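To start, the structure under review is shown below, and the notes come after it.
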Amino acid sequence: MKKVVVSAPGKLHLSGEHAVVYGKPAVLVATSKRLYIEIKSQISNLKSQNGISKLKEKDDYLSKIIQLVEKKYKTEIKNCVIAINSDIPIGAGMGSSAALAVATTGALREWLGKPWNPTEINELAFEAEKIQHGNPSGGDNTVASFGGILWFRKEFEFLKSFWLLPFKIPKDFSQFVIINTGRSETTKDLVVGVVGEKKKQLGKKFTKWLDEVENTTKKIVQSIHDEKETGFKQSFQVNERLLEEIGVVSSSTKKLILEIEKTGGVAKISGAGGVKTGSGMVIAFHEKPQILIDMAKKYGYPSFQVQLGGEGVKREEVVV
Ligand code: MEV
């Protein structure tokens, strides 16, 4: 039986989220959490909910991605079933939708017999992300395609430059914990509705905000490169304050981050954020990570530790 399994990683933003939509650099890192797409031949007399024709009838992201691939390659994909398996938290700033777009376009291209090509997978996934998010930078799908720690900048709609940083977060930096504060808004609500509106209100001051984020992003990369933890922590904290200033951090998340800072740690939201309830994933660094785990528990938020610098889109299994 023909079978294809392709996976893509979830991501975290170390710096530059939102500003990246307006042409400023961002640093993204692929994580060890992954999403898997499995495509198998459909046994003809079996009516499966995962059958391609049933999936295409739905009004969800997977269906839109399938239709985009069909349109691109002028073909109809039939007689197969598609299953999604993922350990990336959904809608929490860890790039679950970009991982879905990248793994699905990768798996469907493989299913159609196209040569394995992460650059083309990335381009197609970006088209999907535009349908889903309105005005994405393309950073999330690029890190899901290429993995590692990525310096990313959208120069034009048609040109994005990125660089896989040839170094890792130093081992002697404090350990970090990811805290999921949850959120009520979509990425589009936050990018278009919150920051887009703020841009209109702030006028020239928005350009100043963008420049400050860019400076901070550069300092964060420099301090990782130079293995200077103090500088890293300071810039991380500045990055959080800038995100608060632009209005994408909720009051409950601000309270949590302030409490982390009082115990000697630093923390920032990662990704689009969130205003009404939580703000999605918070990355927190502390010499004693147990303090962060206990604090997350006190607030009723799940917390976990992930490996950083995971692989990009990957063919897990191909049976032709
Ligand atoms: C969302 O994961 C990151 C944002 O910067 C949006 C984008 O880059 O498209 C908020």
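Relative to the current alpha-carbon distance between Asn117 and Glu227, full extension at 0.36 nm per residue lengthens the span by 36.2 nm. With the charge dipole of region 275-320 set up from +1 on Lys and Arg Cβ and -1 on Asp and Glu Cβ about the Cα centre, the Cα lying farthest toward the positive end among the listed residues Leu292, Val275, Gln307 is that of Val275. Using R0 = 22 Å, the C-beta based FRET efficiency linking Glu259 and Gln305 works out to 0.70. The label point for Glu317 and the one for Glu57, both projected 7 Å from the Cα toward the Cβ, are 2.8 nm apart. Only Lys, Arg, Asp and Glu carry charge here, each on its Cβ (+1 for the first two, -1 for the last two); on that basis the chain has a dipole of about 440 debye about its Cα centre. Apply 1/(1 + (r/R0)^6) to the Cβ-Cβ distance of Lys298 and Lys168, taking R0 = 41 Å, and write down the FRET efficiency to the nearest 0.05. That pair, Lys298 with Lys168, gives E of 0.85.
For region 1-156, the relative contact order comes to 34 percent (Cα pairs under 8 Å, sequence separation of at least 6).
Entry note: region 3-85 has Rg to Rh equal to 1.11, where both radii use alpha-carbon atoms and Rh is the Kirkwood radius.
Region 10-78 and region 284-298 have Cα centres separated by 33 Å. For the chain, a Gaussian network of Cα nodes joined below 10 Å ranks Ala125, Ala30, Ala83 by mean-square fluctuation, and the top entry is Ala83. Summarising the amide proton neighbourhood of Arg34: residues at separation of 5 or more, or on other chains, whose placed amide H is nearer than 5 Å comprise Gly10, Asp87, Ile88. Computed over every Cα-Cα pair of the chain and binned at 10 Å starting from 0, the pair-distance distribution P(r) comes out as 6, 27, 33, 21, 10, 2, 0 percent. For the set Lys40/Lys78; Lys130/Lys218; Lys2/Lys114; Lys255/Lys298, the pairs lying more than 18 angstrom apart at their alpha carbons are Lys130/Lys218. Given the options Phe232, Phe206, Phe156, state which has the largest fluctuation in a GNM of the chain using a 10 Å cut-off (strictly under) for Cα springs. Sorting by GNM fluctuation, first place goes to Phe156.
Every read-out reported here was derived from the displayed coordinates using simple, explicitly stated rules and does not represent laboratory data. All of these numbers come straight from a predicted model, not from anything done at the bench. Reconstructed Cβ throughout: ideal geometry from the backbone, glycine too, with neighbour counts over all protein chains shown.
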